[in-house]
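Have a look at the structure below before the remarks.
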Amino acid sequence: MLIDTPNQFTVSVLDTFRNVGLRLSFDTVCGLFGGATFSTVDPISGESLVDMMGGDHKAVVSKLSANGGVASLREQSVSLNDDTLEFYGVVPNAIKIAMADGNLNCGTDETVGDAAFLTAGGGTVEGCAAMLKNRELAVFAVRVKIKTIATSTSATE
């Protein structure tokens, strides 16, 4: 977290999700939307990252764009098979789930995150999808920059 002024601070969304969210695989997220390649928009879902923040000044949450950002999969139509996205599930008692035996890497390992997410949603993708529709859990997409490898060569005579 970076504090710019006494009234403004910047939060790393990706780091936050890795600490309190469950990393989800493309297959799990796609299954939540019936195999669709785009998520379903529900603009009144109230899944903004700052909905629960009090005070007069609401924080500004970046939208998913070509350069980065975050989006609720219910508030913004997202192309799910975009390889620059990471998906995170937010469920009740996520911190307790993350601290449970075997779930240590649930924020970075898709296999562990998927299993924890399914358990929190009743054990099936269909159960998780129903909870998603009822706003009992949320799924967010975070755009990450594609890693590049820089190489250099030198020629000698």
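The values are calculated or read from the model by the stated rules, or taken from the named source; none is laboratory data. Note that the coordinates shown come from a computational prediction; the quantities given were computed from them, not determined experimentally. Reconstructed Cβ throughout: ideal geometry from the backbone, glycine too, with neighbour counts over all protein chains shown.
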Taking segment 32-43, which residues are surrounded by fewer than 19 Cβ atoms within 10 Å (Cβ to Cβ) and not in a loop (DSSP other than H, G, I, E, B)? F38
Return the only residue of T124, T119 being among the hydroxyl-bearing types (S, T, Y), out of contact with any Pro (no Cβ under 9 Å at 6 or more places or on another chain), free of Cβ contacts under 8 Å to residues at least 60 places away in the same chain and under 15 Å from D27 (Cα atoms). T124
Considering segment 22-67, residues that are within 15 Å of the chain's Cα centre (by Cα) and among the hydroxyl-bearing types (S, T, Y), and then whichever is modelled with the lowest pLDDT, we arrive at S48
Condition first: charged (D, E, K, R) and in contact with a strand residue (DSSP E or B) (Cβ under 8 Å, 6 or more places away or on another chain). Now tell me which residues in segment 83-115 satisfy that. E86, D109, E110, D114
